[in-house]
Amino acid sequence: MLEIAALNKSFGAVKALSDINLTIRQGEVVCLLGPSGSGKSTLLRSINLLEMPDAGRIGINTPSASFDLTFGALAPAIVARELVRLRSSVGMVFQHFNLWPHMMTIENVAEAPICVRHETTRHAGLTAAAMLTRVGLGGKLTTFPDHLSGGQRQRVAIARALAMRPDIMLFDEPTSALDPELVGEVLQVIEDVAASGMTMLVATHEMGFARKVADRILFMDQGTIVEDARAEDFFERPQRERSVRFLEAIL
Ligand code: ADP
Ligand code: MG
């Protein structure tokens with residue numbers, strides 16, 4: 001469903017992604033682990049082109065969309081229409097929810113389906129209500145973000161991503177900005193989305209979650225994928241010395 005080949009991205013002298021290769025199959029739940037600064041966000045942001053890779057290839061093949069994007073000096077420019085199509089197919093949830101403060105939750109969730117997918121207000125509103133109910137916020141349809149807890153805000157952000165009916169969901173440390181007592185409710189919603197068969201790539205520091213929900217772990221360090229293993233193997237029998245040190249430091 002997602003195939004990345006020889007992907008590179010530098011910021012000045014910092015090589016944030018160094019020859020990344022990876023394949024994710026339909027329905028796979030992959031957790032992206034690694035120390036701060038290892039390139040997790042850059043990888044996720046490159047997949048839906050919030051960052052433009054310097055070189056490499058991203059292929060996406062879903063039941064509803066197909067992309068073959070090549071990057072580099074000689075590659076054709078990506079047109080805006082492609083970007084919109086790509087971001088409809090690849091949903092993203094950020095560490096800092098990024099909700100619109102002047103919109104009620106239902107408006108936050110319905111906005112992109114109306115503006116990007118040109119759904120009718122009525123249809124998008126019904127979908128938004130259903131998605132908010134799915135994340136346990138059916139009673140907060142007309143609440144403004146200011147009046148929600150961090151955990152509720154992040155669940156709105158997840159509903160907003162789901163409302164675009166993506167084929168792949170990317171999560172960038174979705175619980176890192178939350179008070180500890182609010183982490184569980186958000187992880188539960190993400191676990192439910194995973195159980196629904198969604199293809200997901202989740203950067204996280206929540207090892208318990210990764211172990212329970214991930215099919216596969218990608219462990220990154222200094223812009224490279226150091227280890228790519230089944231979740232059970234990664235936690236029980238890490239193969240790389242760098243992975244062992246990481247696990248020892250946090251477990
Ligand atoms: P992680 O998400 O694993 O913490 P990042 O992908 O955010 O790692 O960062 C990888 C490296 O790229 C780090 O050295 C970081 O400082 C650098 N970096 C990321 N984004 C930018 C940016 N917009 N400008 C300059 N350097 C950046
Ligand atoms: Mg990050």
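Things worth noting here:
- Taking 16 Å as the straight-line reach from the Cα of residue 15, the aspartates and glutamates in range (excluding those fewer than 8 positions away in the same chain) are 51, 54, 221.
- Pairwise FRET efficiency - residue 248 versus residue 117, Cβ, R0 = 45 Å, nearest 0.05: 0.45
- When both the range 228-243 and the range 41-57 are represented by their alpha-carbon centers, they are found 25 Å apart.
- Of 42, 224, 105, the sequence from fewest to most neighbouring Cβ atoms within 10 angstrom is 224, 42, 105.
- Protection-proxy order for peptides 123-132, 109-118, each taking the mean of Cβ atoms within 10 Å per residue, highest first: 123-132, 109-118
- Partner lysines whose Cα lies under 28 Å from the Cα of residue 9, excluding those fewer than 8 positions away in the same chain, are identified as 40.
Quick note: the coordinates plus some simple rules give every number you see, no bench work behind them. Everything numeric here is computed off the predicted structure, so don't read it as measured data. Every residue, glycine as well, gets a Cβ built from its backbone with ideal geometry; the counts of neighbours run over all protein chains shown.
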